[in-house]
1. Output the residue which, of all residues in the range 81-90 that are assigned to a helix (DSSP H, G or I) and either under 20 Å from the mean Cα position of the chain (by Cα) or not polar (S, T, N, Q) (or both), is farthest from LYS168 (Cα to Cα).
2. Can you run down the residue pairs with Cβ atoms below 6 Å, 6 or more apart or on separate chains, where the first is in the range 214-239 and free of Cβ contacts under 8 Å to residues at least 60 places away in the same chain and the partner is assigned to a helix (DSSP H, G or I)?
3. Can we say LYS88 is within 16 Å of ILE7 (Cβ to Cβ) and basic (Lys, Arg)?
4. Looking at the range 7-29, which of the residues that are closer than 20 Å to ILE120 by Cα, modelled with pLDDT under 75 and of a type outside the set (Ser, Thr, Tyr) is least open to solvent (accessible area, probe 1.4 Å)?
5. Which one of these is modelled with pLDDT under 95 and surrounded by 15 or more Cβ atoms within 10 Å (Cβ to Cβ): LEU167, LEU157, LEU153, LEU200?
6. Among VAL78, VAL34, which is the only one that is at pLDDT 75 or above, assigned to a helix (DSSP H, G or I), out of contact with any Pro (no Cβ under 8 Å at 6 or more places or on another chain) and closer than 20 Å to ALA206 by Cα?
7. Return the pair list, or none, for Cβ contacts closer than 7 Å from residues in the range 46-67 that are at pLDDT below 85 and surrounded by 21 or more Cβ atoms within 10 Å (Cβ to Cβ) to residues that are polar (S, T, N, Q) and part of a loop (DSSP other than H, G, I, E, B), at least 6 apart or on different chains.
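The values are calculated or read from the model by the stated rules, or taken from the named source; none is laboratory data. As the structure is a prediction and not an experimental result, all values here were calculated from the model. Reconstructed Cβ throughout: ideal geometry from the backbone, glycine too, with neighbour counts over all protein chains shown. Ligands, DNA and RNA are excluded from the accessible area calculation, which covers all protein heavy atoms including side chains. Shrake-Rupley method; radii C 1.70, N 1.55, O 1.52, S 1.80 Å.
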Amino acid sequence: MNLQLIIELAKRDFIERYSGSALGFIWSFIYPLVTIIIYMIVFGNLMGARLPGDISEYSYGIYLVSGVVPWLAFSNTVIRSSTVFIEKKNIITKIHVNLPSLPLFIVLSETITFVVTYGIFIFILLLTGYSFTFYLLLIPVIYVIQQVFAYALGLFLAMFVVFLRDLKEVVSIGFFIWFWFTPIVYVFEILPPTAQNILLWNPALAFISAYHDIFIYHKMPSWIYLILVLSFSILLIVINLVIYKKLEKDIRDFI
């Protein structure tokens with residue numbers, strides 16, 4: 001693994017998003033701050049959205065933000081990782097890079113964004129008088145499981161996008177559909193039983209519902225579901241390495 005290269009790429013990736021702007025790095029705080037305030041105020045105060053059985057004016061905003069932010073970290077990691085070999089071909093063709101480790105810089109970059117955004121979210125919750133529980137300490141564990149899955153899936157797709165360039169568009173569309181098949185903007189319990197049974201096969205439900213359990217329901221997340229996702233992710237990583245070993249020469253040639 002090219003650890004120094006991964007760290008340098010992650011740093012550049014995060015900084016270059018706002019390069020050339022007057023405020024630079026400060027925008028990484030402004031964007032999430034504005035987004036979270038809009039969700040909290042618009043859906044809570046202006047639209048009057050409420051969760052079933054909850055009269056709090058901020059409950060739906062909290063439900064929305066606690067699910068959207070992890071989803072963005074997950075989806076951005078997978079979508080960007082799926083094209084990483086193509087986008088970084090100038091580096092791959094010049095120096096020897098361990099390709100399976102390359103998506104890790106995206107994982108790291110998206111993690112920085114997640115930490116900043118969730119940090120702002122928690123700070124705003126403190127201002128609203130929100131009552132935290134010790135379950136908040138489980139967020140890093142849930143996030144790691146989520147991103148291990150994102151890395152495994154992103155690497156799997158990246159190896160095939162090299163050969164089928166149109167696949168990257170399919171991935172983007174797939175994640176748009178996947179978003180709406182995950183209870184982020186709606187509550188799982190309001191769905192009919194048939195839809196609930198279908199959604200139980202959605203691996204994203206494991207970590208999204210875990211964040212909701214912590215922030216909305218103040219209870220321990222379902223670790224059985226999370227462990228299943230982690231186990232599948234590890235299995236997928238092993239499969240990725242086997243596939244990569246067989247296709248490495250072809251992947252590098254097509255790049």
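1. Ranking the candidates gives LYS89 first.
2. Every condition considered, the pairs that remain are TYR225/ALA206.
3. Values: within 16 Å of ILE7 (Cβ to Cβ): yes; basic (Lys, Arg): yes.
Here the answer is yes, as LYS88 does meet what is asked.
4. Once the filter is applied, the top-ranked residue is GLY24.
5. Details: LEU157 fails: modelled with pLDDT under 95; LEU153 fails: modelled with pLDDT under 95; LEU200 fails: surrounded by 15 or more Cβ atoms within 10 Å (Cβ to Cβ).
Just one listed residue meets the conditions, LEU167.
6. Values: VAL34 fails: closer than 20 Å to ALA206 by Cα.
After ruling out the rest, the residue left standing is VAL78.
7. From the range 46-67, the pairs are TYR58/THR128.
Matching residues to (1) touching a Lys or Arg at 6+ places or on another chain (Cβ under 7 Å); (2) outside any helix (DSSP H, G or I); (3) under 30 Å from LYS249 (Cα atoms):
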{"position": "SER109", "(1), (2), (3)": "no, no, yes"}
{"position": "PHE114", "(1), (2), (3)": "no, no, no"}
{"position": "GLY119", "(1), (2), (3)": "no, no, no"}
{"position": "LEU125", "(1), (2), (3)": "no, no, no"}
{"position": "SER131", "(1), (2), (3)": "no, yes, no"}
{"position": "PHE149", "(1), (2), (3)": "no, no, yes"}
{"position": "MET159", "(1), (2), (3)": "no, no, yes"}
{"position": "SER172", "(1), (2), (3)": "no, no, yes"}
{"position": "TRP178", "(1), (2), (3)": "no, no, no"}
